[in-house]
Amino acid sequence: MTEFAGTLRERVVLETRLDARDPRGNSNARYSYDGVAWAALMPLVPAELTRADAISSLPRWQVTIRKREDVGMNTRITWRGKYLAIRAVVSDPRQPEQMLLTCEEWR
């Protein structure tokens with residue numbers, strides 16, 4: 001098992017989306033505070049730069065954190081005033097102490 005604590009240099013806030021609806025059935029998109037974690041963030045280069053997709057034009061980040069069971073697709077990360085939506089969660093069995101998150105920046 002490798003120690004990666006020295007690479008986790010950024011503090012991020014984890015928030016979980018609440019499934020709350022208004023009287024008309026619309027989503028309120030409210031989040032509850034879920035804690036703070038140390039993370040390593042690295043920008044991702046789009047795989048297909050020529051593709052004119054709206055989603056691919058958003059800045060993407062690879063976020064590495066310690067393994068947590070409560071982090072998933074309904075979690076967002078707040079970092080340096082930016083909101084990062086989690087798009088993929090990968091837990092490598094060779095490195096069970098960490099998880100890799102692919103995130104997109106919300107604008």
| Net charge of Cβ neighbours under 15 Å - reference Tyr33; Lys, Arg +1; Asp, Glu -1 | +2
| task | Set Lys and Arg Cβ to +1 and Asp and Glu Cβ to -1, take the dipole of the chain about its Cα centre, and tell me which of Gly35, Pro93, Gly25 lies farthest positive. | result | Gly25
| field | Size of charge dipole - the chain - debye, nearest 20, with Cβ of Lys, Arg +1 and Asp, Glu -1, no other charges | value | 260 debye
| request: Among [x] 15, 48, 32, 6, 0; [y] 13, 42, 31, 12, 2, 0; [z] 15, 51, 28, 5, 0, find the value of P(r) over Cα pairs in 10 Å bins from 0, in percent that was calculated from the structure presented, and write down its label. | output: [y]
| task | Provide the per-residue ³J(HN,Hα) series for segment 66-83, in order, calculated from phi with Karplus coefficients 6.51, -1.76, 1.60 and θ = phi - 60°, each as a whole number of Hz, with x at glycine and proline positions. | result | 5, 4, 9, 7, 8, 9, x, 5, 9, 10, 10, 10, 10, 8, 6, x, 10, 9
| field | Distant-in-sequence amide H partners of Glu97 (H built 1.01 Å from N, under 5 Å) | value | none
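Throughout, read-outs are computed from the coordinates displayed, never taken from laboratory work. These figures come from a predicted structure and were not determined experimentally. Glycine also receives a Cβ, built like all others from the backbone with ideal geometry; neighbour counts cover every protein chain displayed.
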